[in-house]
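Below: the structure, in structure tokens.
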Amino acid sequence: LAVEALHWGEDRLRIIDQTRLPGEVAYLQLETLESVWQAIRRLQVRGAPAIGVCAAYGVLVGVQEKAPGTPGEVVTAVNDAADYLATSRPTAVNLTWALDRMRATVDESEAAGAPCETLLEGLEAEARAIDTENQALCEAIGREGAALVREGAGILTHCNTGSLATLASGTALAPLFHAHREGRHFQVFADETRPLLQGARLTAWELMQEGIDVTLICDNTAAQVMREGRVQLILVGADRIAANGDTANKIGTYSLAVLAKAHDVPFYVAAPYSTFDLALTSGDAIPIEQRDAAEVTEGFGCRTAPKGVPVYSPAFDVTPAHLITGFITERGILRPPYHEAIAALPPTAACEAPQPILESLK
Ligand code: MRU
């Protein structure tokens, strides 16, 4: 990885403040549950897999704060921390997926009569397991998707889906990193991704650090580069994918999918099983986060709109499944009809042990 965006060590959680990149690599020590919640809410740590991993460690921070003395108190502290962190951002299902795994760990151990220390050790082991599993999932996505990245191709991507967003080798960027390591040459067009510029600030930065040929474009330039015939593939990530394949991702993804259709460009979504929400039958049920107007009218401290103008700022949109050419997952590329292919992935709830997945990745 170019940077270590999150570190858990000696019972401390430290992250890179992604809102200050690329100007400054500043670290934040998250010592309270409230500071973990704020870091997720403010996008100091962001990207669906990254907020899942951060929330898992965040539960440990919350438990430390409460200093529980009995197994029952440990369970209460975990549930309180998980309930609270779940309110930080609503769209990425990886967040609740990771929190549910943390809850299940203590529920099972307490039911089995385990003492406090065992519960606490189990919690830390589960957070680390979520972290490690996530890294393996991203590596596998990179391997599975790399063949789509052809020599000399132009590839358009949106938002940021690399090591900062995943604390691993990425989702949509992972096939690019993989193909680059294999010696292939290609050109990436990175949408700047208004309003918070994850593409400009983070994706361009990460790809340049890897020595990958990247060209930054304004979001509204995407149609033109497609029309010029310079894009052969679109790769995006996802925050939540419903059982029918409808996909929530950073606002602007849907318009790219429509443009891809109009220009006959393959449109792929890269995501691990933890981003699929089999409980939702379609994208209509995906909760969409609304962001503060100030992010649009005075992003990064500079006013760009009249005071008091009404603003509509959903953080994500939903791309209908029929516009998606395929899903790049750790288990290979899913093709339509998506219902069956997605149903064969493991459920997102904490009812399945992660071990079989890790085993299958070896
Ligand atoms: O608001 P953000 O920056 O957290 O949005 C991130 C995205 O939309 C990513 O595309 C998504 O989480 C997939 S990532 C690896």
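Here, each number is a calculation from the coordinates, and none is a lab measurement. Note that the structure is predicted; figures quoted are calculated from it, not measured. We place every Cβ from the backbone using ideal geometry, glycine too, and count neighbours over all the protein chains shown.
Note on the chain: with charges restricted to the Cβ of Lys and Arg (+1) and Asp and Glu (-1), its dipole about the Cα centre is near 1280 debye. For a modelled paramagnetic label at HIS322, 7 Å from Cα along Cα-to-Cβ, the residues of the stretch 212-251 in reach, with backbone nitrogen under 20 Å, are 241-249. Counted by neighbouring Cβ atoms within 10 Å, the residues CYS218, CYS54 run from fewest to most as CYS218, CYS54.
Among ASP80, ASP239, ASP11, the ranking by other beta carbons within 10 Å of each residue's beta carbon, starting with the fewest, stands as ASP11, ASP80, ASP239. The order of GLU330, GLU182, going from fewest to most other C-beta atoms within 10 Å of their C-beta, is GLU182, GLU330. Listed by chain and number, the aspartates and glutamates whose C-alpha is less than 18 Å from the C-alpha of LYS66, apart from same-chain residues fewer than 8 away, are GLU10, ASP11, GLU31, GLU34, ASP80, ASP83, ASP107, GLU110, GLU117, GLU121, GLU124.
Label reach from ASN220 (point 7 Å along Cα→C-beta): in the stretch 236-268, amide nitrogens under 20 Å belong to 251-260. Note on ARG335/THR70: beta-carbon distance plugged into 1/(1 + (r/R0)^6) with R0 of 51 Å gives a FRET efficiency of 0.50. A P(r) calculated from all alpha carbon pairs of the chain, with 20 Å bins opening at zero, reads 31, 58, 11, 0 percent. With the highest mean first, a sort of the peptides 280-291, 118-129 on other beta-carbon atoms found within 10 angstrom per residue produces 118-129, 280-291. Taking Lys and Arg as +1 and Asp and Glu as -1, the other residues whose beta-carbon sits under 13 Å from that of PRO68 total -4.
Looking at the chain alone, DSSP beta bridges between its own residues are antiparallel in about 45 percent of cases. Straight-line cross-link reach from LYS307 at under 18 Å between alpha-carbon atoms covers these aspartates and glutamates, not counting any fewer than eight positions away in the same chain: ASP292, GLU295, GLU298.
What is the sum of charges, Lys and Arg at +1 and Asp and Glu at -1, for the other residues whose Cβ falls under 9 Å from the Cβ of ALA26? Show your work: numbers first, answer last.
Working: positive: ARG20; negative: ASP17, GLU24.
In short, -1.
Quick one: net charge around GLY283, please, counting Lys, Arg +1 and Asp, Glu -1 for every other residue with C-beta under 14 Å from its C-beta. Kindly include the intermediate steps, with their values, before the conclusion.
Values: positive: ARG240; negative: ASP239, ASP246, ASP277, ASP284, ASP317.
Result for the local shell: -4.
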